[in-house]
Structures are given as structure tokens and as C-alpha cells.
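Here it is, the structure in full.
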Amino acid sequence: MADRVPTGWLITGAGAVLLASTAAFGGLAEVPTPKPPELSVGQHHVGAQLDMAVVGAALGDRVRGTGLIPAPGERTLLVVLDVTNEYDEARIATAKDALGGVAVEGVDLHRLDATRVADGSGVLFLQPDVPTRVQIAWTVPADAVRVGEEIRVTLPDATLFEGKLFVQGSYWEDYTVGAVVTVPVAAVPADREAS
């Protein structure tokens, strides 16, 4: 008798039993996405093979050494980080998987600029295994951030994809927030403000 039952019926029946038992235990609910870790100033986060630690933040107007000129109604927000590229190749510094992926929660950021703190030179690439203290600057709406308050700086994470078959090389994808750092905002020293 069993050999007279079509195989398709058996497979369909087994699938129906599986779906019914899944529904009985709550269905196919989504697994909640874990929240990124909350860090404080100086704590390190490794994401997208970058070791990053936020050192501080400051707010000013036209800040020397940033290359940014705020429009009327804007100010300049600075975030200083210690960064080491742990990947075995140089990285474009302002790419989304590197410094370009750093952001501030709830703040509309414009015109990214990145410089080395040591000599004020522009950061084009992050070389492998070279610790660098960098300053990221953006222009922001004047009322978005105030001196003395805290901001939440988000640090990027990404997955390295190695191309096979039709795609050659490697690239970063699946961009996410890897960690959040709460940092107080200081005033840019007066000697750094352009007149």
C-alpha cells in the first residue's frame, strides 16, 4: 500500500506538518539584532579590521587645519580618534568602511575632512599596522551640538568579501554600527579659530 502513495504527497504532507509545528511554537519570528556595545572615551573597538578609540570631541567655528569653511548657520565639529589599520593592505581613509563610516547619532554631518593630529597633513590612506591619531571634522547645523553636552559617536563595522568566479579582488560590505562611544564636547581652543 505504501508504494502506491505518490512521493510528492509524502513530501507535501511532511512540509505541512513542519509548518503546523512551527506555527504552534510562535512561527518564524525574527531574531532580534544585538545592540552595538556602548563604549567610553579611550576604549578600543575593532571593526572592519580597524582598531579605533575615540579620544575626544570639540566644537568651533572656522577651525584652522580642517580645510572646512562653515556656511552661515553652521559650525565645525571635530572628533579625534586613535586608529590602526589591522588589514594587510592600505585603506582609503574616508571610505565607508573606515573613517567615512564614523558618524554622530542624531546630527546631520556635512563635508568630511580628515587630518593627522601630529602634523596636520591630510589622511588619504591608512597604512597597515601604523597607529595614527586622526581628527575628523564636519560642518554641522549651529544648533545641532553645544559645548558641554555629550554626543554619541558611532564606529563602523563591515564584512570583507573575497571575490570568486565572476568578481575579482576583495571589498567591504554589510556596513553596520560596530560600537557607540559617548563623548563630551569641548570648545575648540581660541588659538585654533581662524579670524
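The values are calculated or read from the model by the stated rules, or taken from the named source; none is laboratory data. Note that the structure is predicted; figures quoted are calculated from it, not measured. Using ideal geometry, Cβ is built from the backbone for each residue, glycine included, and neighbour counts are taken over all protein chains shown.
Give Val83, Val134, Val107, Val147 a once-over and let me know the one that is surrounded by 13 or more Cβ atoms within 10 Å (Cβ to Cβ), under 19 Å from Leu59 (Cα atoms) and in contact with a Ser or Thr (Cβ under 8 Å, 6 or more places away or on another chain).
Val134
Count, please, the residues in the range 179-195 that happen to be more than 24 Å from the chain's Cα centre (by Cα), farther than 10 Å from Leu59 by Cα, outside any helix (DSSP H, G or I) and touching a residue at least 12 places away in the same chain (Cβ under 8 Å).
Qualifying residue count, the range 179-195: 2.
Which residue out of Ala20, Ala118, Ala29 is modelled with pLDDT under 95, in a helix (DSSP H, G or I) and among the aliphatic types (A, V, I, L, M)?
Ala20
Before we move on, is Leu155 within 13 Å of the chain's Cα centre (by Cα) and either assigned to a strand (DSSP E or B) or modelled with pLDDT of 95 or more (or both)?
yes
Also, quick follow-up: Can you spot a residue in the range 84-91 that is over 16 Å from the mean Cα position of the chain (by Cα), in a loop (DSSP other than H, G, I, E, B), closer than 19 Å to Ala194 by Cβ and at pLDDT below 95?
Scanning the range 84-91, I find no residue that is over 16 Å from the mean Cα position of the chain (by Cα), in a loop (DSSP other than H, G, I, E, B), closer than 19 Å to Ala194 by Cβ and at pLDDT below 95, so the answer is no.
Mind listing whichever residues of the range 43-76 are closer than 27 Å to Asp143 by Cα and within 17 Å of the chain's Cα centre (by Cα)? Lay out the reasoning, then the answer.
First, pick out the residues of the range 43-76 that are closer than 27 Å to Asp143 by Cα: 53-76.
Ala53, Val54, Val55, Gly56, Ala57 - these are the residues of the range 43-76 that are closer than 27 Å to Asp143 by Cα and within 17 Å of the chain's Cα centre (by Cα).
Collect the residues in the range 59-80 that are buried (at least 22 other Cβ atoms within 10 Å of the Cβ) and aliphatic (A, V, I, L, M), keeping them in residue-number order.
Across the range 59-80, the qualifying residues are Leu59, Val63, Leu77, Leu78, Val79.
Something else about it: Under 7 Å between Cβ atoms, at least 6 apart or on separate chains: pull out the pairs that start in the range 65-76 with a residue that is touching a residue at least 12 places away in the same chain (Cβ under 8 Å) and among the basic types (Lys, Arg) and end on any residue that is surrounded by 13 or more Cβ atoms within 10 Å (Cβ to Cβ) and in a loop (DSSP other than H, G, I, E, B).
Every condition considered, the pairs that remain are Arg75/Asp61; Arg75/Ala142.
Okay, moving on. Kindly indicate which of Gly163, Gly178 is at pLDDT below 95 and surrounded by fewer than 13 Cβ atoms within 10 Å (Cβ to Cβ).
Working: Gly178 fails: surrounded by fewer than 13 Cβ atoms within 10 Å (Cβ to Cβ).
Result: Gly163 is the single residue among Gly163, Gly178 that is at pLDDT below 95 and surrounded by fewer than 13 Cβ atoms within 10 Å (Cβ to Cβ).
In addition: Tally time: how many residues in the range 42-83 are in contact with a Leu (Cβ under 8 Å, 6 or more places away or on another chain) and part of a loop (DSSP other than H, G, I, E, B)?
So the count comes out to 4.
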